[in-house]
Amino acid sequence: MAKPCTTPLWPCAMVGAAAAMAGLDGAGVIIHGASGCYFFADSLIPDPVNCTYLVEDEVIFGTGERLHEVAEALVPFSEKIVVINTCVPATIGEDLGPYCAGCDPLIIDAPGYCGDMTDGYRLALAALPTETDPSREGVNIDGLISTDPFAVGNRMEAERLLACAGIPVAARYCADTLASAMKPAEMTVTALPDVASGIGQSVGSLCGLDAIESTFCALSDLFPDADSGPVTDICEETEELVVKACDRYLRVNDPPRVALFGMAGYIDMAADLFSTFLDAEICGAGARNQPPEGSLCTWAPDLGAVKRMIAAGDPDLILGSRYEATLAPGVPFVQITTPIRKSSMLCHRPLIGTEGVLWLIESVVNAEKKEC
């Protein structure tokens, strides 16, 4: 019997599907549901989304007329109408295609009960009719979900590293035009594995120094004109900076006991860095999403699970969101996932690539720094 999830901390599949499609310029995204669904999604997704604002009358007498009205208004401004179906209309089971102003819509059935945000994100991209283009140069960048506060920084960092190796960027999922996303290149590098789309042949990820070097080694074999030497040099320089900073930290501090909460890919990367360079003890690793096989993480989707992990681990450093900071108010804290509250994040900092490694180590060292 499935364990109930009380006070869930992670958005539902509908939010992930809407985030995927709203990140493609040219898609007119309609959240087909109530105002609560829309306002929740809109609070997390930086790109424009629209809504049918269903009320009791539509639920009882049919939602088609309201959907037609919204779709018709969007047609002049959109290359493709995309309808994200939510829980209530999905349960009703209406055929929505005929109500979309004759515009051949893409209808994505992603009600909240079919999974979490990462499930909805992958579901939406699986529904997108993409076809790899062998003549398109470069590699795609995958794993850029706009609800991630590091998504823009991750895209910029991935583009920077690829440019250092002389490899052009093709499609970006999801921070691109709709036309570009429909015709990706054959090869793909992944920023965040948790939201890998499966589009194109995966070459590797950019989460952590070992992953970066492995990925660019593979890219060198696939792109004869590429030069991964500059990226290798950057990784070596980054490691030297990290070793120096961590050695200085450990002269003054004991190795930290760290509890990690957020996306499984980020947690696994952070745990490896802290164990390697800070001799840290990982006393808790709770993933908001279902962790993949081989991950260090356990699934911790609700406030109760997180509270139990913090109490059992007794950490002296926590990485997570404001939820974790509230549960352990006296413990040094670094924010790596939503929600972001009581602070603003305006700069486009990455959490992948070499700059992401440097920011993560810098943040942890500064969070626990003691005066000599």
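The values are calculated or read from the model by the stated rules, or taken from the named source; none is laboratory data. Here the structure is a predicted model, which means the values were calculated and not measured. Every residue, glycine among them, receives a Cβ derived from its backbone with ideal geometry; neighbour counts consider all protein chains shown. Protein only, heavy atoms only, side chains kept; ligands, DNA and RNA dropped before computing areas. Shrake-Rupley method; radii C 1.70, N 1.55, O 1.52, S 1.80 Å.
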Any chance you could count how many residues in region 74-92 are more than 21 Å from ALA19 (Cα to Cα) and either open to solvent by less than 60 Å² (accessible area, probe 1.4 Å) or in contact with a His (Cβ under 6 Å, 6 or more places away or on another chain) (or both)?
-> 0
Total residues in region 35-69, condition surrounded by fewer than 22 Cβ atoms within 10 Å (Cβ to Cβ), in a helix (DSSP H, G or I) and within 29 Å of the chain's Cα centre (by Cα) = 7
Those residues that are over 12 Å from the mean Cα position of the chain (by Cα) and buried (at least 24 other Cβ atoms within 10 Å of the Cβ), I need them from region 185-196; list them, please.
-> THR188, VAL189
Identify all residues within region 117-136 that are surrounded by fewer than 21 Cβ atoms within 10 Å (Cβ to Cβ), more than 12 Å from the chain's Cα centre (by Cα) and not small (Gly, Ala, Ser); write none if there are none.
-> LEU123, PRO129, THR130, GLU131, THR132, ASP133, PRO134, ARG136
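Yes or no: PHE261 part of a strand (DSSP E or B), surrounded by 22 or more Cβ atoms within 10 Å (Cβ to Cβ) and among the aromatic types (Phe, Trp, Tyr)? Quick ask: steps written out before the conclusion?
Working: part of a strand (DSSP E or B): yes; surrounded by 22 or more Cβ atoms within 10 Å (Cβ to Cβ): yes; among the aromatic types (Phe, Trp, Tyr): yes.
In short, yes.
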When only residues in region 142-184 that are part of a strand (DSSP E or B) and hydrophobic (A, V, I, L, M, F, W, C) count, which is surrounded by the fewest Cβ atoms within 10 Å (Cβ to Cβ)?
-> VAL169
